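The values are calculated or read from the model by the stated rules, or taken from the named source; none is laboratory data. Source: prediction; values computed, not measured. Neighbour counts run over all protein chains shown; Cβ positions are idealised from the backbone, glycine included. Side chains are part of the model used for accessible areas, which takes the heavy atoms of the whole protein and leaves out ligands, DNA and RNA. Shrake-Rupley method; radii C 1.70, N 1.55, O 1.52, S 1.80 Å.
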Amino acid sequence: MLSTYLWSSILAILSLIGLAKAAADTVPTKIGNQTIDRTVQLRTHSLFAPYIDQDLQNRWWDFGADSYVNTNKHIRLTRNRPSQMGWLWSRLPLTSQNFVVEVEFKVSGEAGHLHGDGMAVWLTTERTQPGPVFGSKNQFTGLGLFLDTYANARHTFAFPRVTAILGDGKLEYNYSNDGDGQEIGACSANYRRTNIATKLKITYVKDTFLDVKIQYQAWDEWTDCFYVEGISLPASPFLGFSAMTGDVSDAHDVIAVTTSSAITSAITSNTSKSTPRTKIPGVSSSTWSGFFFKLFLFVGICVGGYYGWMEYQRRNRYGGGMGNFGGMSMNGGGGFGGMYANPKRF
């Protein structure tokens, strides 16, 4: 009976966890003056293991140069060797006006201070054109998001660094100064040789904003990198990844890509039609989601434990009652036997 009690508790807790997780996932994400109500994953621009089909190809992606596929782990753009270059590009342009790209990547190598050069995430009108900018062409049109691990000059900021540059097809990337002064946004983050999965999340709403977050400190802990308003990317860009090593090197891996089309709505002050969610300064929507998830989880454990204990008590109570019924049956048998043995009592 104790095992039944435990299983009842576990099933109740798991059910409530599922409900809590669903509730947390449906909480809209507020960025700037826009709310992302929901997202729809785009298969054409998402990528997961084993990455290739039986013909050693992928229907939606091309890879080339020094890159290779490990079907159990990653697509390795460069090995930890000097003078390597590799790329991975979507075959179709990204036609969604608003989208979220989340990429899990890994930069690893020796523990020493000499390593590089870095990798890049691209949203550009060009594709599969190798070049000197982290393995892709210079004078690109669109967004280049550079994960730079090697400083070519002295700076007031630290490396590794995430730097975003918006190219117009004429702008030349300044190698010697690591693009300093050309960026539309940047942040320093030690995403190299971490103990957790490193991820980058790019959220774009057409002509409105670009938001970049990074996970490198703890699981499901997103750190704001930068947020830019009033930005416009080229229509229907290709999504790509590239990496390069020089005299110093690292291994650069793409582990998973999840791209989703984003359905947004503007936040209005018209409370007669809708009431916007309360926003506490300094507290992000992801924090609220985590809070409610933990709250539902705690309530689920309490409720599951309570109902499991009640079930345990009920079964014990009825189990004892059956013993009494058995005793009554035996006594009754004796009584009836006595009554038949002495008929004069009637």
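Scanning segment 231-250 for residues that are surrounded by fewer than 24 Cβ atoms within 10 Å (Cβ to Cβ) and aromatic (Phe, Trp, Tyr) yields a single hit, PHE238. No other residue among TYR191, TYR173, TYR204 is of a type in the set (Phe, Trp, Tyr), over 20 Å from TRP89 (Cβ atoms) and surrounded by 15 or more Cβ atoms within 10 Å (Cβ to Cβ) apart from TYR191.
For segment 122-170, the candidate set comprises residues that are free of Cβ contacts under 8 Å to residues at least 24 places away in the same chain and surrounded by 21 or more Cβ atoms within 10 Å (Cβ to Cβ); within that set, the residue that is farthest from THR198 (Cα to Cα) is ILE165. Spot the failing condition for GLU104; the list is (1) touching a Leu at 6+ places or on another chain (Cβ under 7 Å); (2) open to solvent by 20 Å² or more (accessible area, probe 1.4 Å); (3) closer than 14 Å to ILE255 by Cβ, and only one is missed. It fails just one condition, (1).
Only one entry in PRO276, PRO281 is farther than 30 Å from ALA49 by Cα, in contact with a strand residue (DSSP E or B) (Cβ under 9 Å, 6 or more places away or on another chain), part of a loop (DSSP other than H, G, I, E, B) and at pLDDT below 70, namely PRO276. Would you call LEU94 touching a Leu at 6+ places or on another chain (Cβ under 6 Å), farther than 21 Å from ASP250 by Cα and not in a strand (DSSP E or B)? So LEU94 passes the test. Out of VAL228, VAL257, one residue alone is open to solvent by less than 20 Å² (accessible area, probe 1.4 Å) and in a strand (DSSP E or B). It is VAL257.
Among the conditions (1) at pLDDT below 95; (2) touching a Leu at 6+ places or on another chain (Cβ under 7 Å), ARG154 misses just one, which is (2). Filtered by the rule that a residue be part of a loop (DSSP other than H, G, I, E, B) and either polar (S, T, N, Q) or open to solvent by 70 Å² or more (accessible area, probe 1.4 Å) (or both), segment 57-73 gives GLN57, ASN58, ARG59, SER67, THR71, ASN72, LYS73. Only one entry in ARG91, ARG76 is basic (Lys, Arg), within 30 Å of THR39 (Cα to Cα) and buried (at least 20 other Cβ atoms within 10 Å of the Cβ), namely ARG76.
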